[in-house]
Amino acid sequence: MSKDTRISMAVVRRLPKYHRYLGELLRNDIDRISSKELSDRIGFTASQIRQDLNCFGDFGQQGYGYNVKELHNEISKILGLDKQYNTIIIGAGNIGQAVANYSSFEKYGFHLKAIFDKNPKLVGIKIRDIEIQDVDELSSYLDNNKVDIAIICVPRLHAQSVADILVSKGIKGIWNFAPTDLQVPDDVIIENVHLSESLMTLSYRLNERNLFED
Ligand SMILES: NC(=O)c1ccc[n+]([C@@H]2O[C@H](COP(=O)([O-])OP(=O)(O)OC[C@H]3O[C@@H](n4cnc5c(N)ncnc54)[C@H](O)[C@@H]3O)[C@@H](O)[C@H]2O)c1
């Protein structure tokens, strides 16, 4: 049961990592773990872990540690992974196809229902049994189907017009791969994905430690 109804975004951003490590422990039949052991595996300090996990319940017991299954379930619930989401992809180029082909999102409850593109050469092609539809059909698809999350994989200059259609049809969750800050109403949640920012961080760290020679 949640203690705090509002968990800080800094904690929320760490939750998927806890979820992943606890999932690994479960698969290895480990049923309890101390914050120290979790800290050794995850790389956050034990006190950070205790503080984070304390935000949403009293899971740790003195001298026992954490019940892995209970904690994993609770984090799943907090992350909303106990629900099912209908997702669609707009833009079936390199990134769109890669995301569409990655079937593991399904196991977390994210079900890919439709894919749209404007390129007539792509329309009609199937990815994982889902036929790519003409983006001209997007509005009517949204009128007739419940969509929870739209994944934008179109070029930057087209992303806002796609987002405008999605917003006008009541979509509240957008996973945006286009490198642009989309303008949407406050009640629409956008998560931007930036592979290049991660790559630049790697580059910084290599150079900071003089590990890179050119
Ligand atoms: N977030 C990241 O880390 C990351 C990494 C690489 C690329 N990107 C971005 O992802 C986007 C896609 O990159 P890509 O390499 O897949 O490009 P791509 O050119 O291979 O694919 C883009 C697809 O979008 C389609 N498209 C264009 N306008 C459209 C519209 N209005 N409606 C529907 N479909 C439309 C095109 O026909 C094409 O199939 C770009 O914005 C790119 O900058 C992001």
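Since every read-out is calculated from the coordinates, none of them should be taken as a lab result. None of the values given here were measured: they were computed from a predicted structure. Note that we place each Cβ from the backbone using ideal geometry, even for glycine, and neighbour counts take in every protein chain shown.
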remark   = Rounded to whole angstrom, the alpha-carbon centroid of the range 194-214 lies from that of the range 70-135 at a distance of 30 Å
key: Rg/Rh (Cα only; Kirkwood hydrodynamic radius) as it applies to the range 85-197   = 0.92
query = If you stretched the chain out fully between residue 107 and residue 51, how much longer would it get, using 0.36 nm times the residue separation minus the C-alpha to C-alpha distance?
reply = 17.3 nm
request  = On a C-alpha basis, how far is the centre of the range 137-182 from the centre of the range 1-57 in Å? Whole number, if you could?
outcome  = 33 Å
request  = Over the alpha-carbon set of the chain, work out the extent along each principal axis and list the three values in angstrom, largest first.
outcome  = 62, 51, 34
inquiry  = Quick query: amide H of residue 110 versus all other amide H atoms, modeled in the peptide plane; which residues come in under 5 Å with a sequence gap of 5 or more or a different chain?
reply    = 85
message = Quick check: net charge around residue 148, other residues with Cβ under 9 Å of its Cβ, Lys/Arg +1 and Asp/Glu -1?
response = +3
Tally of Lys pairs whose C-alpha atoms are under 20 Å apart, taken over the chain, 8 or more apart or cross-chain = 26
message = Let me understand the range 9-78 better: what is its radius of gyration from the alpha carbons, and its Dmax, in angstrom?
response = 10.7, 30
ask   = Around residue 44, with a cut-off of 14 angstrom between Cβ atoms, what is the net charge of the other residues, counting Lys and Arg +1 and Asp and Glu -1?
value = +4
ask   = Build a GNM of the chain with springs between Cα atoms under 10 Å: which of 140, 203, 76 gets the top mean-square fluctuation?
value = 203
request  = With a Förster radius of 25 Å, plug the Cβ-Cβ distance of residue 199 and residue 24 into 1/(1 + (r/R0)^6) and report the FRET value to the nearest 0.05.
outcome  = 0.45
key: Degrees separating the helix 156-168 axis from the principal Cα axis of the chain, which is the longest one   = 90 degrees
ask   = How long is the gain from residue 70 to residue 158 if the chain were fully straight, where each residue apart is worth 0.36 nm and the alpha carbon distance is subtracted?
value = 27.3 nm
